[in-house]
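Trainee: Starting off with a structure, shown below.
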Amino acid sequence: MNQGPDAAAQEPGEDTVRELAGLARDWAAAIVANDPARIAGFMADEWVIVSESGIDPKERFLSLVESGELAHSAMDLRIRPRVRVYGDTAVVTGRVTNTAHYQGERYDADEWTTDVFVKRDGRWRCVLTHITSAAPEITSAAPE
C-alpha cells in the first residue's frame with residue numbers, strides 16, 4: 001500500500017495495536033536475554049539507533065551485545081505505546097526504563113523511545129529506533 005506524503009495517520013485497529021505492542025515487549029525480552037540473533041530478528045537490515053551519541057548501525061549494536069560489552073539486565077515498558085500506522089509503516093512511541101551494563105559500567109535509564117516499523121512480506125521489521133532521556137518527574141514541594 002503506497003500512500004503519498006500527505007497521507008494522514010490511521011488510527012490503527014485494536015488488533016494492530018496489540019500486535020505492535022506485543023512486538024515491542026518481545027523485542028525488550030530479547031534485549032534483556034542479550035541474544036544477538038533474537039534481537040536481530042526484530043530489525044531490518046538497515047536498522048539504526050539514534051541517541052545522544054549519534055547514529056549507530058545494526059552491526060555495531062549487535063557486535064557490542066555479542067562481545068558482552070553491552071548487556072541489559074532490565075527493560076520495562078512503563079506505558080502502553082502510542083501506535084500510528086501510515087500504510088505499511090508504523091510509528092510506536094513509549095516510555096522505557098532499563099538497566100544496561102556498557103564496558104563494565106552500570107547505566108540506569110528512563111527514556112522515551114520511538115521505533116519505526118515497516119511491514120515487509122507480512123512481518124513488521126524495525127528500521128529506526130530513536131531514544132531520548134525522559135525528564136525527571138516533577139514533584140510539588142510544600143512551601144516552607
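Bear in mind these aren't lab numbers, they're just calculated from the coordinates by the rules spelled out. Please read all numbers here as calculations on a predicted model, not as lab measurements.
Trainee: Rounded to whole Å and sorted largest first, list the principal axis extents of the Cα atoms in the chain.
Mentor: 54, 49, 26
Trainee: Which value in deg cm²/dmol, rounded to the nearest 500, describes the helix-derived mean residue ellipticity at 222 nm for the chain, given -39,500 (n - 2.57) per DSSP H run of n ≥ 4 and division by the residue count?
Mentor: -7000 deg cm²/dmol, from helical runs alone.
Trainee: Let me ask something additional. What are the ³J(HN,Hα) couplings of region 41-58, residue after residue, when phi is run through the Karplus curve with 6.51, -1.76, 1.60 and θ = phi - 60°? Round to Hz, x for glycine and proline.
Mentor: These are the phi-based 3J(HN,Hα) values: x, 9, 9, 6, 4, 8, 3, 9, 10, 10, 9, 4, 8, x, 10, 10, x, 3 Hz.
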